[in-house]
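Quick note: the coordinates plus some simple rules give every number you see, no bench work behind them. Worth saying up front: this structure is predicted, and the values here are computed from it rather than measured. All Cβ positions, even for glycine, are placed from backbone atoms using ideal geometry, and neighbour counts span all protein chains on display.
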Amino acid sequence: MTTKPTILLIYTGGTIGMMKDYDSNALKAFDFSQISEKIPELQQLNCQIHTISFETPIDSSNMNTQYYMDIVEIIEKNYDLFDGFVVLSGSDTMSYTSSAISFMLENLQKPIIFTGSQLPIGDLRTDAKENLITSIEVASAQKNGKPMIQEVCLYFEYKLYRANRTTKMNAEQFEAFVSMNYPPLAESGVYLKFHEHYLLRVSDENLPLIVRKKLVTDIVIIKIFPGIVENVLKSILSIKNLKGVVLETYGSGNAPSENWFVHLIKNAIEKNIRIVNVTQCLGGNVNQGHYETSVALKKIGVVSGKDITTEAAVAKLMYLLNENFSLIEFTNHFETSLRGEIS
Ligand code: ASP
C-alpha cells in the first residue's frame, strides 16, 4: 500500500487567508480549518493536508522574532509527523521571515514552502489558489522516497525560489518576488519542473534537525545615501547595546571614503559591533577592495555580505551574533554559505 504524503499547512495571516464579505464588501480572515471547502481543488491533490493557524492571524507588517519562534516550534513539534510544510504568510515581510526560518533550522531535510498572494483567496481574480495549490504540490513532491525539496523556499507566481535569496520587489503585480542572484529551483507551467542541480542538500543525511531559537535583535540596517552626515551616522552607531549593522552600500560595496565616515565605522568595529556590507542593488556582488572607495572598509574589518540579500543578511546577523564569535570567526561564518544564501 502506498501512503500519500502528509502536508501541514500553517496559516500565520496575510491577504491569502481573507474572503470578501459580499454584504459589507470588507475583507475578513476565514477559518482555515475549512480550507478544503473553500478550495475543493485541494481534494484532487495526491496528499493529505492538515491545517494549523495562528490563534490571531497577523498582517505580516507585524511580524517579529517571537512569531518566528512560533513558526519554528510548530515545525519542530510536527517535523516527524509530516512530509512537508507550507507556511502561509503576508507577502510584505515574507522574505525576511522565510530567510530567518532557514537559519533557525539546521540540517533540514524536509520542504518548507512559504507562499501568500496579492489578492485574497475569495477574490475572483485571485492568485492565491495557484500559489497555494502548487506550493502543496511542491511540498509533497518526492524522489526515491525522499522529499524533492529539503530546504526553505518561497513560491509565488509560477516560480519556486530559495527563500533566503528572495526580495519583494512589487506591491501590485502577481510576480511580487525576485531572486536576482540565484535561479529558480522550480517552475510551474504545463509541468512542474524542478531544476535539481540547484537544490540544497545536507552534507550528511544522518544529522538530526537542530532548531536554533536564539536570535539577537540589537541590530540596525543603515542605507547610505549621498548627503548622509556625520551626526546622523554617529547617533545610530551610538545606540546602547547595538551589536550589528547591515550597511547597505552602493554598487559593489562602495561607501564614502571621507575620514569621518571610515573613522565612525572603525570605532564601531572596535566596540565589537559587527558591520556587514551589503549592496543596495537588487543583484550582484559586494567586492570590497575592487574600488578605492571600499578598500578602507575591508581594512578596518567590515564583513563582506558578497551577494546576500538585505533580508537574509538581517536574519544571518541575528543568528550568528548569538554565538559570541571573535571578529575573525564571525567574518568566516558570515562569508561562508550556511543555507545556500550566498554564492
Ligand atoms: N499586508 C499584507 C501582509 O503582508 C500583504 C500580503 O498579504 O501580501 O500581511
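Below are the figures for this structure:
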| item | result |
| --- | --- |
| Column: log10 I(q)/I(0), Debye, Cα scatterers of segment 53-157, q = 0.16 Å⁻¹ | -0.70 |
| Projected label distance in nm at F225 and Y291, using a 7 Å step from Cα toward the beta-carbon | 1.8 |
| Cα centre as origin, Lys/Arg/Asp/Glu Cβ charges: segment 292-343 dipole, Debye | 80 |
| Segment 275-343 - convex hull of alpha carbons, volume per residue in Å³ | 83 |
| For segment 14-63, alpha-carbon Rg relative to the globular expectation (2.2 N^0.38 Å, N residues) | 1.31 |
| Summed residue charge, Cβ within 13 Å of D83's Cβ, Lys/Arg positive, Asp/Glu negative | +2 |
| Charge dipole of segment 1-122 about the Cα centre (unit charges at C-beta), most positive-ward option of G116, Q48, I16 | Q48 |
| Reciprocal of mean inverse Cα separation for segment 95-148 (Kirkwood radius, Å) | 12.8 |
| Among beta bridges that DSSP assigns inside segment 1-83, antiparallel share in %, nearest 5 | 40 |
| On Cα atoms only, tilt of 310-320 relative to the major axis of the chain in degrees | 80 |
| Distance from segment 135-182 to segment 40-74 (C-alpha centre basis), Å | 16 |
| Acute angle (nearest 10 degrees) that the helix 94-104 long axis makes with the longest principal axis of the chain, alpha-carbon atoms | 80 |
| Of V202, V302, V211, the one that fluctuates the most in a GNM where the chain has Cα springs shorter than 10 Å | V202 |
| Stokes-Einstein D for segment 1-106, Kirkwood Rh over Cα pairs, 20 °C, 1.002 mPa s (µm²/s) | 144 |
| Charge sum, other residues only, whose C-beta stays under 15 Å from E130's C-beta, Lys/Arg counted +1 and Asp/Glu -1 | -3 |
| Overall dimensions of segment 212-343 as given by Cα atoms, namely Rg and Dmax in Å | 13.5, 40 |
| Tilt relative to the chain, helix 128-140 - C-alpha long axis, 0 to 90 degrees, to 10 | 90 |
| Charge sum, other residues only, whose C-beta stays under 14 Å from A312's C-beta, Lys/Arg counted +1 and Asp/Glu -1 | 0 |
| Cα-derived Rg to Rh of the chain, Kirkwood definition | 1.00 |
| Extended-chain gain in nm, criterion 0.36 nm per residue less alpha-carbon gap, K240 and N332 | 30.5 nm |
| Net dipole in debye of the chain [+1 Lys, Arg Cβ; -1 Asp, Glu Cβ; about Cα centre; nearest 20] | 780 |
| Spacing of the two label points (7 Å from each Cα toward its C-beta) at F174 and L192, in nm | 1.8 |
| Cβ-based charge dipole, the chain, positive-most Cα from S91, N64, L247 | L247 |
| Residue of V138, V232, V276 that the Gaussian network model of the chain assigns the largest fluctuation, springs spanning Cα pairs under 10 Å | V232 |
| Segment 164-232 - charge dipole about Cα centre, Lys and Arg +1 at Cβ, Asp and Glu -1, debye rounded to 20 | 200 |
| Whole-number percent relative contact order across the chain, with pairs defined as alpha carbons under 8 Å at least 6 apart | 14 |
| Dipole-positive endmost among I273, G284, T310 within segment 215-335 (Cβ charges, Cα centre) | I273 |
| Listed residue pairs exceeding 24 Å between alpha carbons, taken from K77/K306; K77/K168; K240/K306; K110/K214; K213/K306; K223/K306 | K77/K306; K77/K168; K240/K306; K213/K306 |
| Most fluctuating residue given options E311, E137, E230, as computed from a GNM of the chain linking Cα atoms under 10 Å | E230 |
| Burial ordering of I300, I275, fewest other beta-carbon atoms within 10 Å first | I300, I275 |
